[in-house]
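Worksheet: one structure, shown below.
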Amino acid sequence: MIANDLSYSDNVLTIRRADPDVDLEGFLSGTDDAQIDWLWDPGQREAWEALSTDAQREHQRGHLASIRESFGPGPKWCFVAVTAAGYAVYVDCDLNNSNVPEGEANISYTCHPRFRGLGYASRAVRLASRFLSENELTSRAHIIVHPDNVTSLRVAHAVGAVEVERFVDSHGRPMIRHILEVPPKA
């Protein structure tokens, strides 16, 4: 089991377990059209927009509490990435993702709008890869991105992930699979 209090830092960005009391405002203000367009499944936007502001707040608080509580045992580890200025990136490592082979991880990420284009998402993915390596969870991670999502494609390339496949996902969307080799534990 993974320790609940661990964090990884590169002295600019730190990834850590989510804290609903600390991270809620960042999550709420970071939920924008770009995040919804690229990461949410069909129908989720309409369900979100149908909620009142208070209900959206409670929904996000519940989501943060859920990922906080499930952190230790896995098979999915969700991190918030913070700078001195606050919440910047959400990144997760999922070893039970139907889009990747058993024993390999899917890495997903979304960057708060005010931090986009500054390299924070790439830093968060590198730190998530370090987490996978140091905990000896897998040697390969997949980054799956829609071909029109230019900013996420830049992240995949920046971290050294290699395009290996183009496919159509279960929702009929075209996707590009990238493989990121996770270095062995040092």
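Restricting attention to the range 164-184 and to residues that are closer than 18 Å to LEU137 by Cα and touching a residue at least 60 places away in the same chain (Cβ under 8 Å), the residue that is surrounded by the most Cβ atoms within 10 Å (Cβ to Cβ) turns out to be VAL182. In this structure, GLU46 qualifies as among the acidic types (Asp, Glu), farther than 28 Å from GLY72 by Cβ and in a helix (DSSP H, G or I).
Taking the range 51-61 as the range and being loosely packed, with under 11 Cβ neighbours inside 10 Å and assigned to a helix (DSSP H, G or I) as the test, the residues that pass are THR53, ASP54. If you filter the range 142-166 down to residues that are part of a strand (DSSP E or B) and within 14 Å of the chain's Cα centre (by Cα), you find that the one that is nearest to PRO113 (Cα to Cα) is VAL145. On the stretch given as the range 66-119, residues that are out of contact with any helix residue (DSSP H, G or I) (no Cβ under 6 Å at 6 or more places or on another chain) and not in a strand (DSSP E or B) total 29.
A count restricted to the range 99-110 and to residues that are free of Cβ contacts under 8 Å to residues at least 60 places away in the same chain and either among the polar types (S, T, N, Q) or under 16 Å from LEU127 (Cβ atoms) (or both) stands at 2. Within the range 2-50, the residues that satisfy the criterion of being surrounded by fewer than 16 Cβ atoms within 10 Å (Cβ to Cβ), farther than 30 Å from HIS171 by Cβ and among the polar types (S, T, N, Q) are ASN4, SER7, SER9, ASN11.
Scanning the range 68-85 for residues that are in contact with a Phe, Trp or Tyr (Cβ under 9 Å, 6 or more places away or on another chain), closer than 19 Å to SER29 by Cα and surrounded by fewer than 19 Cβ atoms within 10 Å (Cβ to Cβ) yields THR83, ALA85. One residue stands out in the range 97-123 among those that are small (Gly, Ala, Ser) and over 14 Å from LEU13 (Cβ atoms): the one that is surrounded by the most Cβ atoms within 10 Å (Cβ to Cβ), namely ALA105.
Every listed requirement among (1) modelled with pLDDT of 95 or more; (2) surrounded by 15 or more Cβ atoms within 10 Å (Cβ to Cβ); (3) under 24 Å from LEU6 (Cβ atoms) is met by ASN135 save one, (1). Annotation: of all residues in the range 142-171 being among the β-branched types (Val, Ile, Thr) and farther than 17 Å from THR110 by Cα, the one that is modelled with the lowest pLDDT is VAL168. Among the residues making up the range 21-71, those that are more than 24 Å from ARG114 (Cβ to Cβ) and touching a residue at least 60 places away in the same chain (Cβ under 8 Å) are ASP41, PRO42, PHE71.
The values are calculated or read from the model by the stated rules, or taken from the named source; none is laboratory data. All values derive from a computational prediction rather than experimental measurement. Please note: Cβ atoms are built from the backbone with ideal geometry, for glycine as well, and neighbour counts cover all protein chains shown.
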